[in-house]
Structures are given as C-alpha cells and as structure tokens.
2 protein chains.
Amino acid sequence: MKSPAPTPPYPIADTAQRIQPFHVMKILGEAKALEAQGHDIIHMEIGEPDFSSLPQVHAAAQQAMKAGHTHYTPTLGLPELRSALSDFYGHFYRADVPAERIMLTPGSSSGLQLLLTALLNPGDKVLMTDPAYPCNREFVRLLQSQLISVPVTEATRYQLTLPLLKAHWQDGIKVVMVASPSNPTGTVIEADELVAMAEFLAEKGAYLLMDEIYQGLVYNRPAESILSRCADLNNVLVINSFSKFFCMTGWRLGWIVAPTFLIPTLERLGQNLFLSAPTLSQYGALAVLEPDALAELEQRRQIFQKRRDTLMQAMQEAGLSPRICPDGAFYLYWDISAFSDDAEAFCLALLHETGVALTPGTDFGDYRAQQHVRLAYTTDEETLQRAVEKLKGALRKRAPLSHNSD
Amino acid sequence: MKSPAPTPPYPIADTAQRIQPFHVMKILGEAKALEAQGHDIIHMEIGEPDFSSLPQVHAAAQQAMKAGHTHYTPTLGLPELRSALSDFYGHFYRADVPAERIMLTPGSSSGLQLLLTALLNPGDKVLMTDPAYPCNREFVRLLQSQLISVPVTEATRYQLTLPLLKAHWQDGIKVVMVASPSNPTGTVIEADELVAMAEFLAEKGAYLLMDEIYQGLVYNRPAESILSRCADLNNVLVINSFSKFFCMTGWRLGWIVAPTFLIPTLERLGQNLFLSAPTLSQYGALAVLEPDALAELEQRRQIFQKRRDTLMQAMQEAGLSPRICPDGAFYLYWDISAFSDDAEAFCLALLHETGVALTPGTDFGDYRAQQHVRLAYTTDEETLQRAVEKLKGALRKRAPLSHNSD
C-alpha cells in the first residue's frame with residue numbers, strides 16, 4: 001500500500017486528477033537544477049514583480065500587529081479598506097463603486113473561485129479566449145461546468161471582440177471571461193469594445209467577468225476600469241489584486257466588485273471558503289492606497305514600461321520578430337513558429353543552451369500553444385538585453401522551420 | 001434592473017444560493033447594535049481566541065519583511081516550515097511525518113476544501129456527525145457530493161464511534177469526517193476508537209479525514225494526533241491550523257498532512273485554488289513553533305482550562321445542568337431542552353434580556369439543533385461567572401418546558 005504505485009491506493013477525484021500541472025514548473029525545476037550546478041540563469045518565466053512590497057506597507061502591518069489587530073476581519077473585509085477602494089475607483093477611474101459592492105479576497109485566485117462558484121451550475125457554459133490564464137479553465141472544470149474556448153490570434157491582439165463573441169455565441173453560456181491587460185499576452189481590450197460586449201451579454205442574461213488584475217500596469221496609455229463605463233450594469237463582475245501593480249504577491253490579497261444583489265451570496269460563500277482575507281495584508285493595503293505609496297508604484301510602472309520598450313527593441317534588432325507590442329502587464333507573447341512547433345521542447349532546449357527560462361504557450365491553452373512562448377520582463381533592462389543576445393545566438397544556429405509561420 | 005428585486009436580475013448558482021448563512025451572524029449583528037446603544041454585551045459566541053498572536057510571531061514577520069520576503073512561496077509552502085512541522089510531529093506526538101507529506105494552506109478552510117476537491121466526484125458520499133462544523137456540510141454540497149449525517153448524542157459524547165460508523169455504513173461512502181476536539185462540542189475521540197475507525201475505512205477503501213484544528217487545546221489529558229498511531233495508513237488525512245492553539249487566526253494559515261500519493265494532485269489543485277499561503281504568516285509560524293513561543297502558548301492553554309472549569313462549575317451551581325464536560329477546544333455544547341425548543345429564539349431572547357451572546361445549535365446541523373446552544377469560553381473567568389449569573393437570573397423567570405428533556 002505504501003509503494004508509489006501507478007494507480008493510487010485510494011481513489012482520487014476525476015476532475016482533480018485531470019488538472020493540468022503548470023508546464024513552466026518543469027522549466028523552473030530544470031532552471032533551479034542548473035543554478036545549483038553554478039550556471040547563470042535568466043528568469044523570464046516568473047509571473048510576479050521582482051520588486052518587494054513597499055516600506056509603507058511594512059510599517060502599516062507592523063503598526064497593526066502592535067495594536068493587536070491579528071484576529072479575523074469580517075468576511076467581506078475591513079470596512080475602512082472597502083471604503084478606501086471605493087474612493088480609489090472614484091479618484092482614479094471616475095467610477096462610482098459603493099464600498100458595499102467591494103469584497104476583499106485572499107488573493108485573486110480566491111476571488112475568481114468565489115465568483116464562479118456563486119454563478120455556475122454543473123453543465124453551465126463559460127466562454128473565454130484561448131490563450132488565457134490557465135486557472136480560469138480549471139475552475140470551470142472543477143465546477144463541472146463546460147468550457148467554450150475561442151481561439152484568438154494576432155488579428156485581434158489575442159483578445160475577444162464583439163464579432164468573435166457573437167460568432168461563438170450559443171445557448172447556455174452564463175459567463176464570459178476576459179482579461180485586460182491579459183496574462184499571457186499583455187494586450188488590452190478597448191473600452192468601447194468592452195462596453196459593447198457587456199451590453200450584448202446583458203441582453204443575453206449572461207455575466208461579463210472582467211479580470212483587471214494587471215490594471216494600473218499599462219504603458220503609453222491611461223489605466224482603465226470597465227467600472228468607469230459599466231458601474232450600473234448588473235451583469236459586470238470585476239476581479240482585482242494587490243499582487244501585481246501594488247507589488248504585494250506574498251500578502252495574498254485581492255478584491256472583487258460585484259452587483260449588490262450578489263453580495264449576500266458571496267458573503268455566505270466566503271464564510272465557508274476562507275472566512276476572511278489575511279488581516280495584516282488588509283492593513284498593509286490601506287497604506288498602499290495612500291498617495292506616497294502610489295507615487296512609488298508609478299515609478300515602478302515606468303520601470304516596467306522601459307523594460308518593455310527595451311525588450312521589444314532588442315528582439316526586433318535581433319530579428320526575433322515579436323509581432324505584438326504588449327500594452328500592459330509584464331508579459332510578451334511571442335510567436336515562435338519560425339523556430340519551433342514544440343514550445344515545451346523549445347523552452348527546455350533554450351534553457352540548456354542559453355540559461356534563459358521562458359514559459360511555453362501550452363500553459364495558456366491549446367490553440368497554437370506549441371508555437372508560442374511567454375516572456376516576462378520582471379528583470380532589469382541590462383539582463384533583458386543580455387537574454388535577447390543569448391536567444392539570438394542560439395536561434396541563429398537553428399535552421400528556420402520551412403512551414404509558413406502563420 | 002437596479003432595484004433590489006426578490007428574484008436576482010441574473011441567475012445565481014443553485015448550490016451557492018442554498019448555502020446557509022451562519023445563524024450566529026444574526027446574534028452578532030444584534031449584539032453589535034446593542035453595544036452601539038451603550039449596552040454591556042458578553043461575547044460567548046466568538047469562535048476565536050481572545051489572545052492576539054505572540055510578539056515572537058510579530059518579530060519574525062517583521063524580519064521577513066525587512067529581508068524582502070514578500071513574494072510567493074512554493075505552493076506546498078516554505079520548505080523550512082514543512083520541515084519544522086515534521087519535527088513538531090516527531091517531538092510532541094512521536095509521529096513520523098516526513099516534510100514531503102505536509103502542505104501549508106491559507107487557513108484550514110482552504111485545507112478542507114483542497115482535500116475534499118481532491119477526493120470527491122459528484123455523487124460521492126461523505127459521512128459526518130450531526131452536529132459538526134458547518135462548513136463541512138457546505139463543501140460537500142458545493143462539490144455536488146452527497147451528505148450522510150449521523151445524529152450523535154451525549155451517549156457518545158456527540159462523537160462518531162466504530163459501532164455508529166458500522167451502523168450507518170453504506171456503499172459509495174468515500175470520506176468520513178471526524179473532529180477531535182470537536183467544534184461545537186469540545187469532546188475528543190479516544191485514540192483506540194480512531195484507529196479502529198481508520199482501519200475499518202481502510203478495509204472499505206475509504207478515507208478518514210481528521211480535523212485536528214483544536215489539537216493542543218485539550219485539558220487534563222495529553223494532546224494527541226491520529227498520526228502517532230496511523231502515520232502509515234494511506235487513507236488518513238489530517239487538517240490542522242495555526243489559528244486556535246497558536247492564536248494566529250488573522251494570519252490565515254493552516255496545514256494538511258496527506259499520504260504521499262496525493263501530494264502531486266494537491267499541489268496542482270493548490271496552484272489553481274490559492275497559489276501559495278501568505279508568506280509573512282509562514283515566517284511567523286516558524287517562530288511560533290520555537291520553544292519560547294510554545295511555552296507561552298502552554299500558559300494560554302492553562303488559562304483556557306481554568307475558564308472551562310470555572311464555566312462548568314458556575315453552570316452546575318446555577319442549575320444550568322451542563323451534561324458534558326468538554327475535553328478541549330473552547331466550546332461547551334449545552335442541551336437547553338429544559339428551557340427551550342427553539343435555540344435561535346432562545347439566543348435572541350437571552351441576548352436582549354442578559355446581554356450574553358451565544359451561538360444557536362442550528363449552525364451545526366439539524367438533529368436536536370434547536371435544543372442546543374454553543375458557549376465559547378474565549379473571555380476571562382470573571383466575565384464567564386458574570387455571564388452565568390445573568391443566564392441564571394433570566395432562566396429562573398422562565399417556566400421550564402414540560403417535555404422530557406431527553
């Protein structure tokens with residue numbers, strides 16, 4: 001009974017067993033092994049800011065500990081943080097979002113799960129793009145719901161559009177999920193397109209679930225929220241996070257904005273699923289919404305923008321042909337079809353040849369996933385340039401693939 | 001579309017809509033309203049220690065912030081904390097639990113959800129006692145699984161026994177859930193009984209999911225873990241928490257111990273459900289497992305023991321006839337059938353008459369739930385005595401119910 005048998009000694013749930021591992025974990029494991037052997041590895045596979053959280057956040061958390069604020073908070077979150085987020089929407093997005101519609105969650109994964117659990121019956125359909133953030137698919141499957149994947153290409157900057165949505169519409173779709181800026185592509189959906197989709201879905205009686213986790217991290221354009229335009233639509237749900245723009249990944253804190261009628265259900269679900277979000281993180285988040293902290297975060301945003309520009313330019317000069325310039329997040333989704341038809345083998349080979357770690361497209365879906373990789377610019381400009389040089393050197397040795405690259 | 005219509009403007013999932021609110025929330029709401037009016041309220045409804053987390057924990061968290069440890073940890077948790085927990089089992093419970101079998105979770109709610117999601121297919125059956133911790137039932141329902149409730153009484157100290165388990169056994173049961181010490185009853189299951197149940201379930205190919213969240217908080221007896229006896233059984237799963245004995249509720253950190261063959265599935269699930277447990281909480285937990293912190297927690301345990309003894313004695317002297325002396329946790333499950341057939345009305349009336357807030361039994365199940373309330377001794381001895389005096393005064397005025405109380 002104790003041997004690592006190929007079949008488990010006791011049964012595992014079918015859906016759980018079918019959950020995909022993150023393929024990048026294999027790359028990460030190899031990268032760590034190479035590092036342990038003394039090799040220099042450039043990590044461009046990591047989906048979190050290299051910056052630590054701000055000193056202001058640390059001071060606020062310390063203050064909260066001293067004051068004995070180490071107990072549970074209400075399930076919906078600290079009232080003062082819900083109010084601060086309401087003000088945040090008012091000040092920065094001219095969006096009227098009452099605090100009552102805002103709920104803190106232990107990370108945005110939890111927010112995503114909470115919303116989908118509140119909405120989906122077994123068999124309900126959820127539409128999303130391929131590629132998309134991998135957990136989206138898994139949550140839908142865990143809820144015994146049905147996934148409708150819409151393959152997207154450079155033609156729509158890898159995003160859903162109203163025409164695509166209409167073309168793929170079918171009865172039984174209850175939720176449509178979009179992300180702007182998107183992981184893995186870094187592209188945004190223009191506000192008018194979003195509003196048009198939200199209104200189309202309102203007519204159909206379906207929800208638009210909007211991932212704004214990378215909100216704030218956009219370049220050469222103002223940050224936006226769908227709530228500036230659709231705050232009064234009862235079918236629009238927003239997920240956000242203190243992890244990315246606010247650089248608080250390890251604090252595990254996110255929030256959701258939902259229509260008022262859903263809040264009691266979400267509160268009851270939250271009581272069961274997590275009780276409350278981490279208390280110190282909530283006190284820390286109060287500090288990160290203050291002007292001095294936001295000013296420092298704006299500086300970090302500018303650093304990410306420079307990194308994006310540096311990476312794009314270096315790739316172009318190296319002939320690595322990135323076709324889409326990302327608008328935000330810290331990702332570049334790179335079509336590698338000129339070099340490979342097997343993204344996982346490609347990433348593994350490049351890691352060994354160059355020490356550069358990338359994420360294979362297969363982590364984000366099926367559609368042309370073996371012909372894409374994700375580059376994260378979560379390292380400094382000099383390192384990014386060095387990485388591109390290395391990639392260029394390795395790829396120059398390869399015979400280009402003979403097929404048409406699109 | 002914006003009016004608060006009785007039917008939601010967009011559909012809510014059936015299971016989510018059926019989730020029960022915590023009935024105690026109504027009591028808590030009324031209690032807060034009374035406090036706002038200047039009334040003196042004694043909170044005996046609160047399920048968390050009144051103690052804040054220890055200064056050692058705060059120092060460790062501060063140190064971690066300073067060192068920039070504010071990023072994600074591995075999904076299974078900080079390797080050093082998994083090792084520290086392995087040592088903890090070795091030192092205190094003489095249990096051989098390799099670090100590889102231990103996974104940190106963001107609170108034990110999350111651990112519970114993780115394990116049940118890993119095990120249950122829709123339609124699978126889960127057996128548990130009535131009364132039990134309310135979230136257990138809800139998780140089973142959310143997974144579209146089937147709940148088998150075993151009504152338990154004082155005769156078995158409100159616990160499952162091997163004879164009860166055999167009597168209620170039926171095909172399709174995949175998981176049996178027990179808690180020792182239990183919320184809401186504070187009673188424990190003796191080790192021999194547990195082992196016998198675990199072995200019976202092993203024969204049946206079913207899991208024993210053991211809630212040890214209140215482990216360590218036991219009185220006049222040594223703390224125990226099923227892992228001392230059943231560490232080699234592949235069907236035994238343990239949930240634990242830093243919230244109760246370790247007084248770290250707001251830090252949202254728990255852990256699970258699972259057989260090795262389940263760990264890859266749990267890791268993949270965890271990547272999707274929560275990514276990683278809060279980082280500072282994990283560094284804080286490293287400090288709380290050190291001898292100096294454990295010595296302070298032992299003093300707190302002794303304080304809870306004195307409170308239990310004070311509460312029991314005061315109730316006995318007041319003729320409030322608590323029939324079962326709890327072995328652990330910080331709860332007393334009180335049969336109020338001599339006074340009421342409606343626990344919710346009883347709690348509400350007592351709150352208004354005496355200012356003492358209690359939790360109605362209906363939060364923990366259906367079986368004789370209206371004839372029980374839960375008292376939490378998470379306040380000091382003097383307050384507990386004062387509470388009992390008030391309850392005595394109010395109940396003396398009531399005509400006792402005429403039915404047989406059991």
Worksheet item: Among (1) more than 30 Å from B:A64 (Cβ to Cβ); (2) out of contact with any helix residue (DSSP H, G or I) (no Cβ under 8 Å at 6 or more places or on another chain); (3) within 14 Å of chain B (Cβ to nearest Cβ), which single condition is A:T187 missing?
Response: (3)
Worksheet item: Can you tell me which residues in region B:4-56 are surrounded by fewer than 16 Cβ atoms within 10 Å (Cβ to Cβ), at the interface with another protein chain (Cβ under 8 Å from one of its Cβ atoms) and either without any contact (Cβ under 8 Å) to a residue 60 or more places away in the chain or outside any loop (DSSP other than H, G, I, E, B) (or both)?
Response: B:P4, B:A5, B:P8, B:D14, B:Q17, B:P21
Practice prompt. Looking for whichever is surrounded by fewer than 17 Cβ atoms within 10 Å (Cβ to Cβ) and not small (G, A, S) here; the options are A:D327, A:D292. Which one fits?
Written response: A:D292
Fill in: Yes/no for A:I303 being in contact (Cβ under 8 Å) with a residue 40 or more places away in the chain, farther than 30 Å from A:H69 by Cα, under 21 Å from the mean Cα position of the chain (by Cα) and surrounded by fewer than 20 Cβ atoms within 10 Å (Cβ to Cβ)
no
Practice prompt. Check whether at least one residue in region A:291-311 is in contact with a His (Cβ under 7 Å, 6 or more places away or on another chain) and of a type outside the set (K, R), and report yes or no.
Written response: no
Worksheet, complete the sentence: Reported set for region B:83-97 where residues are free of Cβ contacts under 8 Å to residues at least 40 places away in the same chain and more than 18 Å from B:E224 (Cβ to Cβ) is B:S83
Worksheet item: Is at least one residue of region B:239-262 under 26 Å from B:A99 (Cα atoms), of a type in the set (V, I, T) and surrounded by fewer than 18 Cβ atoms within 10 Å (Cβ to Cβ)?
Response: yes
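So that you can scan it fast, the table gives a plain yes or no per residue for (1) outside any strand (DSSP E or B); (2) under 28 Å from A:M197 (Cβ atoms); (3) within 21 Å of the chain's Cα centre (by Cα):
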position: A:T70; (1), (2), (3): yes, no, no
position: A:T73; (1), (2), (3): yes, no, no
position: A:L81; (1), (2), (3): yes, no, no
position: A:L85; (1), (2), (3): yes, yes, yes
position: A:D96; (1), (2), (3): yes, yes, no
position: A:M103; (1), (2), (3): no, yes, yes
position: A:S110; (1), (2), (3): yes, yes, yes
position: A:L115; (1), (2), (3): yes, yes, yes
position: A:V126; (1), (2), (3): no, yes, yes
Fill in: Filter result for B:A357 (touching a helix residue (DSSP H, G or I) at 6+ places or on another chain (Cβ under 6 Å), hydrophobic (A, V, I, L, M, F, W, C), crowded, with 23+ Cβ neighbours inside 10 Å and within 30 Å of B:F246 (Cβ to Cβ))
yes
Item to complete: Would you list the helices (runs of 4 or more DSSP H) that sit entirely within region A:200-310 and hold 1 or more residues that are within 10 Å of chain B (Cβ to nearest Cβ)?
Response: A:263-273, A:279-288
Discussion item. Any residue at all in region B:135-151 that's within 18 Å of B:I226 (Cβ to Cβ) and over 14 Å from the mean Cα position of the chain (by Cα)?
Written reply: no
Fill in: Subset of region B:157-184 (residues that are within 14 Å of chain A (Cβ to nearest Cβ), more than 20 Å from the chain's Cα centre (by Cα) and either among the charged types (D, E, K, R) or outside any loop (DSSP other than H, G, I, E, B) (or both))
B:D171, B:I173, B:K174
Worksheet entry | Of all residues in region A:216-238 being under 18 Å from the mean Cα position of the chain (by Cα) and over 14 Å from A:R101 (Cα atoms), the one that is surrounded by the fewest Cβ atoms within 10 Å (Cβ to Cβ) | A:A223
Practice prompt. For region B:64-85, state whether one or more residues are surrounded by 16 or more Cβ atoms within 10 Å (Cβ to Cβ), under 21 Å from A:F274 (Cα atoms), small (G, A, S) and modelled with pLDDT under 95.
Written response: no
Worksheet, complete the sentence: Restricting region B:114-140 to residues that are charged (D, E, K, R) and surrounded by fewer than 22 Cβ atoms within 10 Å (Cβ to Cβ), the one farthest from the other protein chains (Cβ to nearest Cβ) turns out to be B:D130
Worksheet item: Is region B:88-105 home to any residue that is under 30 Å from A:Q56 (Cβ atoms) and within 12 Å of another protein chain (Cβ to nearest Cβ)?
Response: yes
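The values are calculated or read from the model by the stated rules, or taken from the named source; none is laboratory data. What you see is a predicted model; the values in this text were computed from it and never measured. Here the Cβ is made from the backbone with ideal geometry for all residues, glycine too, and neighbour counts use every protein chain on show.
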